[in-house]
Amino acid sequence: MDKVRRILVCVCKERASPQRALFVQSITGHFIDGGDDEVEVNCSLEKNQFVVFRGEKGGGVPLKRPAFCPIKHLSVTEAAAIPLDVQQRGVDVGVAVLLQTANQRVLLTRRAKELRIFPNVWVPPGGHVEPDETLLDAGLRELKEETGLKLEPEEVCPKILGLWESVYPPMLSRGLPQRHHIVVYMLLHSSLSHLQLQSSLSPSPAEVSACVWADGGLVRAVVSAVDGEDREVGVDDLPDTVSVSQVSADGGLTDSSLPLAVFVSRAPASGPDVERVSTGTKFALELWLKSLETPDP
């Protein structure tokens with residue numbers, strides 16, 4: 001038997017056997033009727049299959065896609081125009097880690113501009129799940145590879161906040177889909193403050209070009225800048241700049257600042273993309289804010 005090279009999404013309805021999801025199939029749309037973009041689901045990772053299913057009411061997590069999800073709006077003609085090797089990819093699985101510090105900040109990283117997918121976009125540390133890994137193993141590995149922060153499994157209490165259906169390019173106006181993922185957003189708590197963790201940061205310049213420890217005020221402003229909408233952004237009394245750590249070519253860190261406007265930028269509907277917080281990250285950060293309001297017993 002060929003060794004499994006990628007973990008792919010399978011979907012399951014009621015008591016049917018899990019079936020591998022097609023590249024051109026909306027995972028969110030599989031579980032809902034009509035045009036809704038969010039549904040509560042359960043998930044499991046077993047035998048190198050990531051299965052998304054509807055369980056009993058309660059105990060699930062939100063699965064969401066953006067209203068402008070390319071797979072949702074894909075016509076039959078457009079679907080047929082996607083190269084066959086892309087169509088045969090299936091739907092990949094990724095994990096993104098929301099690392100919460102003892103003083104309630106979360107780490108966001110800016111993807112290197114040389115990356116093929118979502119370059120120069122702010123996201124939590126994360127990446128693909130490798131064969132035979134658990135979701136936690138994958139999250140901790142990606143955290144270490146991208147930021148240099150090493151946490152042991154017994155040191156953290158992982159919690160899945162939600163699943164995000166991610167497609168690249170993120171809008172049909174930017175071209176036909178090339179990648180299709182389900183991203184598992186996992187919350188990990190650290191007993192250290194962001195200043196204590198900052199001393200251990202050693203980002204990989206091939207993947208990360210800057211880091212920021214976002215506090216609740218900045219996160220609320222980020223979340224208010226909903227992609228695809230034009231309602232007012234809630235910047236409150238935030239300063240005009242945000243302190244960040246820039247990553248040099250050799251991996252060194254330097255203190256710098258960026259305009260607040262970068263973090264509350266929306267995904268443009270056309271033209272070149274801009275430096276911004278990814279749409280999926282905004283979804284996860286909103287769930288994080290809710291978790292602060294209703295902590296686990």
### Query
Hey, any hits in segment 221-234 for a residue that's open to solvent by 50 Å² or more (accessible area, probe 1.4 Å), closer than 22 Å to SER291 by Cα and over 21 Å from the mean Cα position of the chain (by Cα)?
no
### Summary
Subset of segment 13-52, residues free of Cβ contacts under 8 Å to residues at least 60 places away in the same chain, closer than 26 Å to GLU133 by Cα, assigned to a strand (DSSP E or B) and open to solvent by less than 60 Å² (accessible area, probe 1.4 Å), comes to ASN42, SER44, VAL51
### Residue that is surrounded by the fewest Cβ atoms within 10 Å (Cβ to Cβ) [pool: residues in segment 196-220 that are under 19 Å from GLY280 (Cα atoms) and in contact with an Asp or Glu (Cβ under 6 Å, 6 or more places away or on another chain)]
GLU207
### Identity of the residue in segment 266-297, under 16 Å from ASP230 (Cα atoms), among the small types (Gly, Ala, Ser) and open to solvent by 20 Å² or more (accessible area, probe 1.4 Å), that ends up modelled with the lowest pLDDT
SER270
### Summary
Apart from one, (1) in contact with a strand residue (DSSP E or B) (Cβ under 7 Å, 6 or more places away or on another chain); (2) closer than 19 Å to ILE117 by Cβ; (3) at pLDDT 95 or above all hold for THR28; the odd one out is (2)
### Message
So, in segment 58-76, how many residues would count as being of a type outside the set (Ser, Thr, Tyr), out of contact with any strand residue (DSSP E or B) (no Cβ under 8 Å at 6 or more places or on another chain) and surrounded by fewer than 19 Cβ atoms within 10 Å (Cβ to Cβ)?
### Response
6
### Query
Of the residues VAL242, VAL226, VAL233, which single one is within 21 Å of ALA112 (Cα to Cα) and without any contact (Cβ under 8 Å) to a residue 60 or more places away in the chain?
VAL242
### Query
Which one is nearest to GLN19 (Cα to Cα), of the residues in segment 77-130 that are among the basic types (Lys, Arg) and surrounded by 14 or more Cβ atoms within 10 Å (Cβ to Cβ)?
ARG89
### Task
For segment 62-72, state whether one or more residues are touching a Ser or Thr at 6+ places or on another chain (Cβ under 8 Å), over 22 Å from LYS159 (Cβ atoms) and free of Cβ contacts under 8 Å to residues at least 60 places away in the same chain.
yes
### Task
For segment 11-22, state whether one or more residues are within 17 Å of SER166 (Cα to Cα) and in contact with an Asp or Glu (Cβ under 9 Å, 6 or more places away or on another chain).
no
### Task
Scan segment 140-164 and report the pairs whose first residue is free of Cβ contacts under 8 Å to residues at least 40 places away in the same chain and of a type in the set (Lys, Arg) and whose second residue is open to solvent by 60 Å² or more (accessible area, probe 1.4 Å) and assigned to a loop (DSSP other than H, G, I, E, B), with Cβ atoms within less than 6 Å and a gap of 6+ or a chain change.
LYS144/LYS150
### Query
Do we have ARG110 as within 17 Å of the chain's Cα centre (by Cα) and not in a helix (DSSP H, G or I) here?
yes
### Message
Condition check: over 22 Å from LYS64 (Cβ atoms), open to solvent by 30 Å² or more (accessible area, probe 1.4 Å) and in contact with an Asp or Glu (Cβ under 8 Å, 6 or more places away or on another chain). Does SER243 satisfy that?
### Response
yes
### Query
Residues of segment 140-150 being farther than 14 Å from LEU108 by Cα and open to solvent by less than 30 Å² (accessible area, probe 1.4 Å), which ones?
LEU140
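The values are calculated or read from the model by the stated rules, or taken from the named source; none is laboratory data. Keep in mind that what you see is a predicted model, and the values were worked out from it rather than measured. A quick note on method: Cβ atoms are made from the backbone with ideal geometry, for glycine too, and the neighbour counts reach across all protein chains shown. Please note that ligands, DNA and RNA were not included when accessible areas were found on the heavy atoms of the full protein model with its side chains. Shrake-Rupley method; radii C 1.70, N 1.55, O 1.52, S 1.80 Å.
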